[in-house]
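> Below is one structure. I have some questions about it.
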Amino acid sequence: MNTKIYKIALAICMTCGFASCSDFLEIEPQNEIILEKFWNEKADVDAIIGGCYSALQDEGVIKRMMVWGEFRSDNISVGRNIQQDGSLEKVLKENIDAKNTYTDWSGFYEVINRCNTVIKYAPGVAEVDPAYTQSELQANIAEMVALRSLSYFYLIRTFRDVPFSREAYTDDDQKMDLPATKFDAVVDSLIDDLESVKNNAVKRYPVTKPLYQTGRVTQDFIHALLCELYLWKKDYQNCIRYADMVIAAKKVIYEENRLQKTSSTISQTNDVEEKYNGYPLVSNSSQVNYFGDAYDTLFGYDNDNQDELNQEIIFQLIFDDDPQGSSMRQNGAVNTFYGNSQSNIGFVAPSDFIFDDYDEKKGEVWAEKNKKLDSRIFFDCDVDDKSINKYKTRTLTIESASSSSTPRYSYGSTYPQNQNGSNWIIYRLSDIMLMKAEALTQQMREGSDADVVEYNKPLLSQAFSLVNAINKRALCQSKLADTLLATDYTTKSLMEELVYQERQRELMFEGKRWYDLVRISQRTGNTQKLSTAARRKATTGADLIANLLAKMDAIYWPYNLDEIKVNSNLVQNPAFSSGEDTSYQKTK
């Protein structure tokens, strides 16, 4: 951390807002606030909390969520006009150095410092403002701990070891040049922090504030974050425990929706749990032979159906397609990277092998048994111009066809330039289900002995049920039937690969893929799967990329050069040094 971390208690410059109703999320903080005169009432706390969400919505932060979590992976290739962003062009070529602008982490540390500021000063407000209750204070602190933990989680998955502090920086005399804390130590600290506040967080927001349920921190979000942190920690039992909590909470919401609604999509598909193996995923179809409802609800413009949205989304960053008419932001990162109505192909595009695999049915991404039934190729990609579709278009309609022919599809209007209103999803139910499936596979044993087979049987069954439910939801068939067969996945390695493939299909372009590959590398102690994936998108220099990514250090990012200059306690990642340091070892 350095002086790029803004002293938010003294200068707040971000506007924020979610809903049209008047509440703290639409407060526009003053530009200059004197610390001693500020923390006096609940509204002051609300203003800074709103600023925390606003900082997390910053275009530079969202861009890094995308670049760090996805763009080095096999999913992403060069799009159009990428020469306008030289740093991004180098990232896609694995030509990253410490001067690359995407190594700048200051946006995340800004969020962290805002959260730390609230945690430090909010208790004092509760002492002087009787309208600010202890339960509200505790919920706000839980909220700030969660956003701080999320920010640190992005940082450690990207840089591995990072400076870690729970202290609010509000004074120029404070020491900010901290050494990097080891990855495992940060993970343990984040888990401890979240475990200590999880029960204080808001469980459910009022129905009068529908966007809060997915746009603000809830207990479900904290449980989801703990689920993933335990997965990275290799504590699979706790990962499963928190996944089950999230799934159970979403089942309650589904059941409430089913009982209360009389004319919505939900009531027309009240057997959705039966269809999806007991998991309350939103339906992909409300009409016979027509599909795409899941896209419209999760990624498109059908966010009026908040009940069904809350059924699957756990936490997302909220944007608006009319930023001039409100105090909210448009999603500038998606607008630039994935495209808009004026430039349908953004700076990046899907890798060619994604289309080749779909057309030729190689089974590396799109399951061969699904033939042309998997709607997610249309969710993810505009198959006409081979651009990224997810988050870019408002609606999607697919008319089912026989298994021997291609479904007919129709994309709705693309968001206009600088008017992308798609929300950026951090966690949704299918993501958590697949984390649980991955944890189950890691509890399995290797081998084919009778005792191993018997031990693995219930774990295989549970993992397959999770994957199969998500896979079935994606299929374009009016009467859902399994295309994946449990008998094809009877060993740990086969089920493990199925889970990884399903995560790639389900979460493509959502900022998850590279982190999945890094997690696998951490678990196995080698980069074989990661480097194989990265090289299959390369049109030239595949061997060079594979050789570079054979080093464990290289799967992380270098510290920004400016950070190194001002913080003498940071030791640069050796994979991105001048090249004179060859002490690091290649993995087998």
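> Helix by helix through the chain, keep the DSSP H runs that span 15 Å or more along the axis on Cα and average at least 0.5 on Kyte-Doolittle, and give those back in order.
Qualifying helices, which must be both long enough and hydrophobic enough, are 42-56, 183-197, 429-442.
> Same structure, new question: Using θ = phi - 60° and the Karplus relation 6.51 cos²θ - 1.76 cosθ + 1.60, list the HN-Hα couplings for the range 82-88 in order, rounded to whole Hz, with x at every Gly or Pro.
With coefficients 6.51, -1.76 and 1.60, one gets 5, 4, 6, 10, x, 5, 5 Hz.
> Would you mind telling me the share, in percent, of accessible area of the chain contributed by carbon and sulfur at probe 1.4 angstrom?
46 percent
> With a Förster radius of 45 Å, plug the Cβ-Cβ distance of Q237 and R408 into 1/(1 + (r/R0)^6) and report the FRET value to the nearest 0.05.
The calculated FRET efficiency here is 0.45.
> Next up: Can you tell me which of 481-490, 196-205, 547-556, 509-518 comes out highest on packing, and rank the rest after it, using the mean Cβ neighbours within 10 Å?
Output ranking for 481-490, 196-205, 547-556, 509-518: 509-518, 547-556, 196-205, 481-490.
> Add +1 for every Lys or Arg and -1 for every Asp or Glu among the other residues with Cβ under 12 Å from the Cβ of N238, and state the total.
With Lys, Arg at +1 and Asp, Glu at -1, the net is 0.
> Work out the FRET efficiency for D171 and K203 from their Cβ-Cβ distance, taking R0 = 56 Å, and round it to the nearest 0.05.
Step by step, r from the Cβ atoms, then E = 0.95.
> Quick one: net charge of N289's neighbours, Cβ under 11 Å, K/R +1, D/E -1?
Here the charged neighbours net out to +1.
> Let me ask you something else. Using amide H atoms built in the peptide plane, which far-off residues or other-chain residues are under 5 Å from Q330 H to H?
Hits under the 5 Å cutoff: D320.
> Quick one: which residues, 5+ away or cross-chain, put their amide H under 5 Å from the amide H of I426? H built at 1.01 Å from N.
Excluding prolines and chain starts, which carry no amide H, the hits are F315, Q316, L317.
> Given H placed on each backbone N at 1.01 Å, which residues far from L396 in sequence or on other chains put an amide H within less than 5 Å of it?
Long-range HN contacts for L396: D296, G412.
> Classify the range 108-257: rounded, prolate or oblate, from the alpha-carbon gyration tensor (a ≥ b ≥ c, eigenvalue square roots; a/c under 1.5 rounded; otherwise prolate if a/b is larger than b/c)?
Note, shape of the range 108-257 comes out oblate.
> Quick one: net charge of E496's neighbours, Cβ under 13 Å, K/R +1, D/E -1?
Net of charged neighbours comes to +1.
> Right, here's the next one. For N547 and K99, calculate 0.36 nm times their separation in residues minus their Cα-Cα distance, and state this gained length in nm to one decimal.
Roughly 159.1 nm would be gained on extension.
> Shifting gears a bit: Using 0.36 nm times the number of residues separating D244 and T540, minus their current alpha carbon distance, what extension gain do you get?
Once the chain is fully extended between D244 and T540, it gains 102.1 nm.
> Right, something else. Per residue, how much accessible area does the chain show when a 1.4 Å probe rolls over the protein heavy atoms, in square angstrom?
That works out to 38 Å² for each residue.
> Nearest 20 debye, what's the magnitude of the dipole of the chain about its Cα centre given +1 on Lys and Arg Cβ and -1 on Asp and Glu Cβ?
With only Lys, Arg, Asp and Glu charged at Cβ, the dipole is about 1160 debye.
> Rounded to the nearest Å, what's the spacing between the alpha carbon centres of the range 493-535 and the range 182-232? Just the number, please.
A separation of 24 Å, based on Cα centres.
> Continuing with the same structure: Per 0.36 nm of contour for each residue apart, how much would the distance between E195 and E89 grow if the chain were fully extended, relative to their Cα-Cα spacing?
Length gained, E195 through E89: 34.1 nm.
> Provide the per-residue ³J(HN,Hα) series for the range 382-391, in order, calculated from phi with Karplus coefficients 6.51, -1.76, 1.60 and θ = phi - 60°, each as a whole number of Hz, with x at glycine and proline positions.
Running phi through 6.51 cos²θ - 1.76 cosθ + 1.60 with θ = phi - 60° gives 7, 6, 6, 9, 6, 10, 7, 9, 4, 6 Hz.
> Rg/Rh for the range 98-166: what does it come to with C-alpha atoms and Rh from Kirkwood?
Ratio of gyration radius to Kirkwood radius for the range 98-166: 1.12.
> Using just the helices of the chain, give the 222 nm mean residue ellipticity in deg cm²/dmol: DSSP H runs with n ≥ 4 each add -39,500 (n - 2.57), and the total is spread over all residues, rounded to 500.
Rounded to the nearest 500, it is -14000 deg cm²/dmol.
> Taking the structure as given and computing percent of Cα pairs over 40 Å apart, which label from (i) 23; (ii) 17; (iii) 40 fits?
Read-out taken from this structure: (i).
> Beyond a 19 Å Cα-Cα separation, which of these cross-linked pairs lie in this structure: K436/K529; K250/K479; K251/K436?
As for pairs spanning more than 19 Å Cα to Cα, those are K436/K529; K250/K479.
The values are calculated or read from the model by the stated rules, or taken from the named source; none is laboratory data. Every value quoted in this text rests on a predicted model; they were computed, and no experiment measured them. So basically every Cβ, Gly included, is an ideal-geometry build from the backbone, and we count neighbours across all protein chains shown. Please note that ligands, DNA and RNA were not included when accessible areas were found on the heavy atoms of the full protein model with its side chains. Shrake-Rupley method; radii C 1.70, N 1.55, O 1.52, S 1.80 Å.
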